[in-house]
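Structure, as structure tokens:
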Amino acid sequence: MCGIVGYIGHQEAYPILIKGLHRLEYRGYDSAGIALINPTGELNIYKTKGRVSDLEEFCTGKDISGTIGIAHTRWATHGEPNNANAHPHYSESENLALIHNGIIENYSVLKEQLVQKGYHFHSQTDTEVLIQLIEYIKTLNNVDLCTAVQLALGQVIGAYAIAVMEKGNPNQIIAARKSSPLVLGIGDNEFFIGSDASPIIEFTNKVIYLEDEEIAIIKRNEEPKIVTIGNVEKTHEIIQLELSLSQLEKEGYPHFMLKEIFEQPNRLRDCMRGRVDVTGNHIVLSGIIDYREKFLNAKRILILACGTSWHAGLIGEYLIEEICRIPVEVEYSSEFRYRNPIIYPGDIVIAISQSGETADTLAAIEQAKQQGAFVYGICNVVGSSIARNTHSGSYTHVGPEIGVASTKAFTAQLCVLAMLALCIARERKTIPETHILELLNELTRIPNKIERILQSDDSIQKLSNIFTYAHNFIYLGRGYNYPVALEGALKLKEISYIHAEGYPAAEMKHGPIALIDNEMPVVVVATDNDMYEKVISNIQEIKARNGRVIAIVSESDTVVKTIADYVIEVPTTADCFDPLLTTIPLQLLSYHIAVNKRRDVDMPRNLAKSVTVE
Ligand code: G6P
């Protein structure tokens with residue numbers, strides 16, 4: 001969702017905030033704004049529709065002085081992306097400025113009350129209501145800014161990460177969070193605020209993650225103080241981050257997405273490092289071993305996730321049911337949280353989330369915990385809310401994923417699910433040890449096999465030229481490759497805006513086949529696995545209707561190559577690891593089609609990387 005950044009210290013704030021906004025732009029990018037207090041105590045706000053680069057242009061020639069400031073890059077929830085709705089927002093007197101990530105659910109009631117008291121609104125946002133409320137409370141009760149923020153947040157229903165500054169007080173920022181992430185960076189006599197650590201890491205690796213309903217009072221030349229909304233003082237451990245700046249750079253690639261696709265072999269090696277030791281025939285996921293009894297006795301596993309992570313969950317279902325013999329159900333977090341689900345004692349919930357901040361998944365976890373479930377998280381972002389709110393879990397360890405369309409995080413989720421399933425299968429003895437060892441060995445070969453697929457990038461790029469102007473796409477797969485078809489279609493939609501549907505191949509004849517003609521490209525995942533013969537029949541059905549087939553086939557394939565119009569080869573592997581390979585060419589195909597269409601690949605329209613509102 002939105003990205004927020006703040007600075008107070010001895011340096012000029014503007015360049016730090018702008019750089020921070022660029023790093024956070026993947027969170028939202030329909031408008032951007034900045035508030036600065038200049039050396040004479042004036043509070044200046046500059047904001048505009050568009051990207052951070054538009055904001056920089058807008059600020060040219062303006063007073064951008066000051067060593068304290070807050071800034072925001074927006075993903076619209078209330079009100080269209082325009083100058084007025086961009087953050088920061090002033091209060092009525094223009095003495096206060098606020099940036100906000102999240103949603104104030106009861107904003108309309110509060111707004112009505114404030115309008116009756118003579119407050120004027122200049123935007124359609126829920127955020128403006130919050131800053132007006134803070135000012136109203138501050139004036140009415142004649143209290144300081146922090147107390148006013150505490151009292152106002154006590155009246156608010158919803159999610160927020162906020163930062164507030166006050167005209168005439170260049171020495172203080174008040175920040176607070178509930179259900180939206182907020183990190184405080186501790187520098188040398190300077191402090192930073194970020195929606196995540198990416199705008200901070202260049203200056204300090206020492207951070208504090210605020211908890212829900214906590215407020216940070218950040219004063220120049222003083223230790224930050226953390227209190228709750230109810231004014232209970234809190235102490236927090238300072239965490240040393242291991243993030244490096246190069247992980248946040250494109251390193252010569254034209255887009256983060258391409259960099260992240262090409263990083264996959266090494267990131268999967270990172271993901272397995274210290275967990276899989278083929279020479280010692282070892283597989284260790286401490287999150288499982290520490291709760292061995294729970295996994296040993298699990299009666300059912302529920303996987304909860306959204307978007308691409310949900311697709312990983314579907315593959316996890318096939319894998320866990322096949323090799324661990326535990327029934328698995330996969331559900332969208334957004335559905336689960338609102339339908340009074342049944343949780344049995346002994347159920348295990350696995351929550352999958354790249355960002356670890358997805359609001360629906362967080363809420364679904366809470367629901368599951370309240371009903372007594374043991375919750376295991378698979379997250380990428382270290383220290384994220386989901387990682388902190390689950391009983392146990394495993395990080396995917398692939399470093400920051402900046403491209404909005406998820407790539408390396410997805411394959412790493414599959415890798416963690418594979419390790420998890422192998423761990424559980426070994427504990428439960430559901431498949432022979434020799435089979436476990438074969439699979440373990442094969443898993444470690446996956447990064448090299450992905451490297452081989454990446455060598456086909458040039459030919460996939462050429463293939464993409466043929467399909468750049470298609471209006472629709474169908475993706476088909478069966479068994480383990482059915483979720484791959486869903487993910488392939490999602491990737492294409494997200495970044496090229498071409499309509500695409502994924503289906504289990506056999507379902508095609510129950511509807512989608514009506515769409516097939518000589519203009520319809522059909523991507524079929526047809527690797528040499530248990531479903532191979534069946535998928536060949538599905539390809540024949542498409543060809544009989546003049547559809548154009550792009551098939552993902554095994555290097556050893558001899559049959560599909562003669563029927564399909566175009567083929568992309570992948571190495572063979574165990575059926576259950578097929579998605580780790582077949583996903584790669586689909587990522588590249590989407591990427592190149594989107595580039596051909598001159599789409600903004602890393603920041604596709606209307607999307608956001610981390611969806612912290614429901
Ligand atoms: C957003 C992102 C997707 C992601 C989904 C779930 O929609 O654009 O790429 O798959 O959220 O996010 P999570 O962080 O929970 O995996």
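The values are calculated or read from the model by the stated rules, or taken from the named source; none is laboratory data. Everything numeric here is computed off the predicted structure, so don't read it as measured data. Neighbour counts run over all protein chains shown; Cβ positions are idealised from the backbone, glycine included. Calculation scope for accessible area: heavy atoms of the full protein, side chains included, ligands and nucleic acids excluded. Shrake-Rupley method; radii C 1.70, N 1.55, O 1.52, S 1.80 Å.
Leaving out ligands, DNA and RNA, and with a 1.4 Å probe, what % of the accessible surface on the chain is carbon or sulfur? Exposed carbon and sulfur together represent 48 percent of the surface. All distinct Cα pairs of segment 3-246 go into the 1/r average, and the inverse of that average, the Kirkwood radius, is 17.5 Å.
Here the Debye sum runs over all C-alpha atoms of segment 151-271 as equal scatterers in vacuum, and log10 of I(q)/I(0) at q = 0.14, 0.19 Å⁻¹ comes out as -0.70, -1.03. For segment 229-276, the average shadow cast by the Cα convex hull is 6.6 nm², which is a quarter of the hull's surface. When the listed pairs LYS491/LYS609; LYS294/LYS429; LYS178/LYS206; LYS19/LYS234; LYS250/LYS609 are checked against a 19 Å cut-off, the alpha-carbon distance exceeds it for LYS178/LYS206; LYS19/LYS234. Accessible surface computed residue by residue for the chain, with neighbouring protein chains in place and a 1.4 Å probe, gives 38 Å² per residue. With θ taken as phi - 60° and the Karplus curve 6.51 cos²θ - 1.76 cosθ + 1.60 applied, the whole-hertz 3J(HN,Hα) list for segment 137-149 is 5, 4, 6, 4, 9, 6, 10, 6, 4, 4, 4, 5, 5 Hz, x standing for glycine and proline.
Solvent-free Debye calculation, one equal scatterer per alpha-carbon of segment 390-528: log10 I(q)/I(0) at 0.19, 0.20 Å⁻¹ equals -1.29, -1.35.
Bridgeable lysines around LYS509 (alpha carbons under 20 Å apart, same-chain partners fewer than 8 residues away excluded): LYS534, LYS543. With all pairs of separate Cα atoms included, the chain yields a Kirkwood hydrodynamic radius of 25.5 Å.
Per-residue 3J(HN,Hα) values for segment 340-348, derived from phi via the Karplus relation 6.51 cos²θ - 1.76 cosθ + 1.60 with θ = phi - 60°, read 6, x, 9, 10, 9, x, x, 6, 10 Hz in sequence order (x marks Gly and Pro).
Most simply put, the chain has about 60% antiparallel DSSP beta bridges, counting only bridges with both residues inside it.
Scoring 583-592, 568-577, 464-473 by mean Cβ neighbours within 10 Å over their residues and listing the highest first yields 583-592, 568-577, 464-473.
Angle between the Cα long axis of helix 433-454 and the longest principal axis of the chain, 0 to 90 degrees, nearest 10? Tilt relative to the chain: about 70 degrees. Loop-located GluC sites (Glu not before Pro) in segment 193-285 (DSSP state not H, G, I, E or B) with no more than 13 neighbouring Cβ atoms inside 10 Å: GLU222, GLU237, GLU242, GLU249, GLU251.
With Rh defined as the Kirkwood radius, the inverse of the mean 1/r over Cα pairs, the Rg/Rh of segment 263-453 is 0.95. Here segment 456-599 carries DSSP beta bridges of which approximately 0% are antiparallel, counting only pairs with both residues inside.
Using only Cα atoms and rounding to the nearest 10 degrees, what angle (0 to 90) does helix 481-496 make with the longest principal axis of the chain? Once rounded, one gets 40 degrees. Helix 107-116 against the longest principal axis of the chain: what's the angle in degrees, Cα atoms only, rounded to the nearest 10? Between the helix axis and the principal axis of the chain, the angle is about 20 degrees. The protection proxy used here, the mean number of other Cβ atoms lying within 10 Å of each residue, ranks peptides 284-293, 386-395, 170-179, 593-602 as follows, highest first: 170-179, 386-395, 593-602, 284-293. Loop-located trypsin sites (Lys or Arg not before Pro) in segment 106-163 (DSSP state not H, G, I, E or B) with no more than 16 neighbouring Cβ atoms inside 10 Å: LYS117. Our estimate of slack between VAL115 and GLU237, defined as 0.36 nm per intervening residue step minus the Cα-Cα distance, is 39.7 nm. Packing here is the average count of other Cβ atoms within 10 Å per residue, and on that basis the peptides 607-613, 128-134, 184-190, highest first, run 128-134, 607-613, 184-190.
Excluding same-chain neighbours fewer than eight residues apart, the aspartates and glutamates reachable from LYS408 by a Cα-Cα span under 15 Å are GLU260, GLU263, ASP270, GLU451, GLU487, ASP602. Remark on GLY356: its backbone amide H falls under 5 Å from those of ASN380, VAL381, a criterion applied only to residues 5 or more positions apart or on other chains, H modelled at 1.01 Å from N. Karplus-derived 3J(HN,Hα) values for segment 329-334, using 6.51 cos²θ - 1.76 cosθ + 1.60 with θ = phi - 60°, are 10, 10, 9, 5, 4, 5 Hz; glycine and proline are entered as x.
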